[in-house]
1. Two decimals is fine: what is log10 I(q)/I(0) at q = 0.17, 0.25, 0.26 Å⁻¹ for segment B:422-479, from a Debye sum with one equal scatterer on every Cα and no solvent?
2. Please report the orientation-averaged projected area of segment B:220-298, defined via the convex hull of its C-alpha atoms, in nm².
3. Got the relative contact order for segment B:422-479 handy, in percent, Cα pairs under 8 Å and 6 or more residues apart?
4. Determine by what factor the alpha-carbon radius of gyration of segment A:346-482 differs from 2.2 N^0.38 Å, reporting the quotient.
5. Report, as a whole number in µm² per second, the diffusion coefficient that Stokes-Einstein gives for segment B:333-481 at 10 °C and 1.306 mPa s using the Kirkwood radius over alpha carbon pairs.
6. Report, to one decimal in Å, the Kirkwood hydrodynamic radius for segment B:20-153 based on all distinct Cα pairs.
7. Work out from phi, with θ = phi - 60° and the Karplus expression 6.51 cos²θ - 1.76 cosθ + 1.60, the ³J(HN,Hα) of each residue of segment B:23-31, listed in order in whole Hz, and give x for Gly and Pro.
8. Roughly how many Å is it from the Cα centre of segment A:108-146 to that of segment B:66-109, as a whole number?
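Here, each number is a calculation from the coordinates, and none is a lab measurement. The shown structure was predicted, so the numbers you read here are calculated from the model rather than taken from an experiment. Ideal geometry is used to build each Cβ from the backbone, glycine not excepted, and the neighbour counts take in all protein chains shown.
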Amino acid sequence: MELKNLSIRQLNNLFVDKKAKPSELYSDIFDASASSESLLHAHLSLFEEKNLENAKKSDKRFEKGESTGLLDGIPIAIKDNINIKGELTTCSSKMLSNYRSPYNATVIEKLNNENALYTGKTNLDEFAMGSSTENSAFGLTKNPWNTEYVPGGSSGGSAASVSARSSIGALGSDTGGSIRQPAAFCGLVGFKPTYGTVSRYGLIAFASSLDQIGPITKNVDDARIIYNAISGHDALDATSIDNNQTNIPFDKSAKIGVIKELMEDGISDDSRNEVSKVLENLKKQGYQIKEVSLPLIKLSISIYYLIAPAECSANLARFDGVRYGLRVEGKTSYEMMQNTRAEGFGDEVKRRILLGTYALSAGYYDEYYGKALRARKKMIDEFSNIFNDVDYLISPTTPTAAFKAGEKTSNPLEMYMSDLCTIPANLAGLPAISIPTGLSKEKLPLGVQIMSKPLTDLSLLNFSEIIEKEVDFNTSPEGLEK
Amino acid sequence: MNLKPTIGIETHIELNTNTKMFCRCKVVDTDEPNISLCPTCIGLPGALPVPNGKAIEYITLLSLATGCTITRKGMFHRKNYFYPDLPKNYQISQFDLPVGESGELEIILDGKKESVEIERVHMEEDTGKSTHSGTGRIDSATSTALDFNRSGVPLVEIVTKPVIQSAKEAVAYIEELRQLSIDLNISEGKLEKGNLRFDANISVAPSDSNELGTKVEIKNMNSLKSLERAIDFEISRQTKAFLDGEEIIQETRHWDEAKELTSSMRSKEGSADYRYFSDPDLPNMILSEMFIEDIKNNLPKLPSEKRNDLMNTGLDLQQANILGKSDTWIIELYFKVFDSTKEYSTTYNWITGELQGQMRKLDMNFPPEWFSAEVLSEIIGLIKENKISFTSGKTILSEVLQKNISVDEIASNHDLYQENNEEKIVELVKNVINDSEDVVRRIKEGEDKLVGFLVGQVIKNSGGSVNPGIAKELLTKELDL
């Protein structure tokens, strides 16, 4: 079997036993991207040479028996809204096309400590706003399972990279489903951790109260390994929390709830069938399953599209041409700022800035943003109550499998609906994972989402691993073989 | 018709913390631009704010010292507006949950205690500094230089209720607030460095009206003098407009120091909607009971308390107010000298007049280490007992400030002890009378004033050691007047 198809633990065993070297894996990975990049455009930049050197340093550590752990020598792809010192961090925006970060994000510092390697920076929807990676100023990314289809978004480049074996794992960011949805569309595991357990320092903010960094991988164990490496309290992020995990049962004493509202209208038969298949499987193993109702989930898209744009309207105000990034001159400073922002931002980003500015305006705040905050609070309470009854909540990850490129670009509202199942976990700060379970009629992957209460991330991963084992999904994309 | 002005003051105080409000960059006092910066305070993408605990402590301290109610559950808000020296294009500030609310500050106005009601005390971060070339205004500048050293320095904003009635009262309020911030050791309190910056909201209305007139905000007052002049100007401008039946427009006006007038600022921020919302990067701030109690228990002496202590020695309010604003060592010196001499007025005059005057002449910030309360008490005591003259006291003080030498040694060396032996003085007096026949005759003819001349002669002949009072008394007696 080729190295690039193996799990992190399998690779580490080979390295430790001196049956393979990190540099061999690295070449393997780069051969894969050499053949797939022109087709998929998963990466915006590739770090080939610099990291080959680092791979050789890993070789030496394994030779001497001085490796630093499971991620030593493992090539990871980084979404291009996470800062790596000295490298371009573009957010797929014309605004930052020339921007190199002078500092590392905390997650990068942590991966550096593990001696992980980087394949490069991956494509995304501009400033992580979108569900298809079509909103990139540098061209779209395609789905490795079928290149006519989108890989999902906004971490579409990260998902496509792992799927095409151009990296062993990837970091994405998830504000309303941006890790889980592309993972589902590309037949991978996507994990959004409990809000606050992974530092946001160095992640270019979209919506600060919702953003969370997490892994996209071929299997649950890989996600766990990366999560363990990147999580933990960070003094540089005031919203960071101590990762004091609570253990909840994941064997058959665990109680499972299936969310009624996410098995109804707007969900395709294909997506529903995947959930049913998993539930049957769990039932067979002896798990207790019951239907639960979270009525406010139906409002989550409305709540999200007030809160996220409001936060983004302020977060993106710093891009003004004054200190870094694009500058388009004007007669006065204000004209320069206006020209820069008019030219630097794409349509979707502008749409959300306008939406958020409006929602926060004098006279509208209470009716829009204020109301959304109150509704969010109520939704959190609803989740808290449900978690007194059940340990895990199951739903589809997405209402449908991947759609064709261009299919939804002219209808933003329809595009927003594709995040129906994933947004609630962001609003409530819950850990949520998507695991691949099967294929649609069009032979495109589908995922099932599992959520649990805050700070039960490790139990959630353990439980997901049980499902993963039962469904035994083959994550190798068929599209690339053709 | 009688009109009354109403004034509210917003003051920004730059705190003297070591580091900035939301990052760990040092607060620097330098003209060299852009040397204390990090991703957070210049708004690089991905950087996040982490609050400075010391700044929160200082703001709580000021809130408690002004008798404010502390909001235990505080919150940071984003105030959104675009300006090139505001790196994030929003300022982290506080909106509906400030640290302190509803307090008051005792001030001294025309020798009387007054109280100014405080509406709120809240914290925010400072902006960078813009230098516009050409006209000095952003919309017409050909280029703008930006210095972000100041960006993110912690500020506390104190807002009074609209209760101030005159420019003089406004000045007294700022003087008191400045002293308070120095005594609390939360700011350098230097106006010339912009440690304290103030804006005034001014309106006029008929004296018998319960409603306030349309308020006008005045900016760009950089000294107490310009505060006073700007307010006076604005009150007369509005009064005239009101009496002429003109509408007073709610606006922001710019004080022009050179032209001594306020003019309308048609700047873009003028009518801005700041779209305040709670900053999602900063979780709610909970001030614990213990944190507040701790600060309360360690409050230093407030200016009003210092004034009361000084007045208890006998000083009047005016004297207590002046001495109260002095450096701590001066106030301590006063209390020590007063304790040994029990002379409040003399001690006050010696310290605020002679001592500080001579130190200024000698270019001294602090007296030498050998100078102590005992030295000054000794000088004051000798004068009181008529052993030396007031003038000799000044001489001794001057010398003791420059040389480590005892008061007695100086007095002896310069023969400053006064002659109190009556026989000796009578002899001197007789000699002078004998030598001044002409003058004595004129005195007898009624030119009383010339007695002073003879007193002078006696003192001169004694080498300055005769007490003038005694000389005059004996002269009068000898001349049989």
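1. Cα-only, vacuum Debye calculation for segment B:422-479: -0.45, -0.98, -1.06.
2. Numbers: hull surface 40.9 nm².
With the hull built on Cα positions only, its mean projection is 10.2 nm².
3. Working: 40 pairs, mean separation 23.3, N = 58.
Reported relative contact order: 40 percent.
4. Working: Rg = 18.5 Å, N = 137, 2.2 N^0.38 = 14.3 Å.
Compactness ratio reported: 1.29.
5. Numbers: Rh = 17.1 Å.
It diffuses with D of about 93 µm²/s by this estimate.
6. Numbers: mean 1/r = 0.0594 Å⁻¹.
Answer for segment B:20-153: a Kirkwood hydrodynamic radius of 16.8 Å.
7. Going residue by residue, I get 8, 9, 5, 5, 7, 10, 10, 8, 8 Hz, with x marking Gly and Pro.
8. Between the Cα centre of segment A:108-146 and that of segment B:66-109, the gap is 40 Å.
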